[in-house]
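The values are calculated or read from the model by the stated rules, or taken from the named source; none is laboratory data. Just so it is clear, the structure is predicted and the values come from calculations on it, not from any experiment. Cβ coordinates were reconstructed from backbone atoms using ideal geometry, including for glycine residues, and neighbour counts include every protein chain displayed. Areas reflect the complete protein model, heavy atoms only, side chains present, ligands, DNA and RNA absent. Shrake-Rupley method; radii C 1.70, N 1.55, O 1.52, S 1.80 Å.
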Amino acid sequence: WHMRDKRYGRVVDGKVMDVPAWALDSLQTLVDKGVLAGVGDGKLDLSMDMMRTLVVCQRMIDNAKEGKA
């Protein structure tokens with residue numbers, strides 16, 4: 001439960017930091033596109049559940065663009 005309640009992520013000079021390695025590429029893509037901006041002062045303030053949701057959605061979008069099922 002501790003990981004569920006913890007808040008993750010920050011953006012420093014356009015780079016996502018302080019997130020698990022499995023989420024880094026997907027969250028960086030969202031930040032680069034301007035879809036994910038955070039709450040200010042570079043903080044993304046993402047729960048583990050929200051981070052998983054964002055990663056799954058981004059990977060589904062990427063797979064659809066590549067024509068994967």
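Could you grab me the full set of residues in segment 45-55 that are within 10 Å of A23 (Cβ to Cβ) and among the aliphatic types (A, V, I, L, M)?
L46, M48, M51, L54, V55
If G9 satisfies all but one of (1) in a helix (DSSP H, G or I); (2) open to solvent by less than 70 Å² (accessible area, probe 1.4 Å); (3) not hydrophobic (A, V, I, L, M, F, W, C), what's the number of the condition it fails?
Here G9 meets the rest and fails (1).
Which ones in segment 12-34 are open to solvent by 70 Å² or more (accessible area, probe 1.4 Å), in a strand (DSSP E or B) and out of contact with any strand residue (DSSP E or B) (no Cβ under 6 Å at 6 or more places or on another chain)?
Across segment 12-34, the qualifying residue is only K15.
Looking only at segment 35-69, filter to residues that are open to solvent by less than 60 Å² (accessible area, probe 1.4 Å) and more than 14 Å from Y8 (Cβ to Cβ); which one of those is nearest to the chain's Cα centre (by Cα)?
Restricting to residues being open to solvent by less than 60 Å² (accessible area, probe 1.4 Å) and more than 14 Å from Y8 (Cβ to Cβ), the top hit is Q58.
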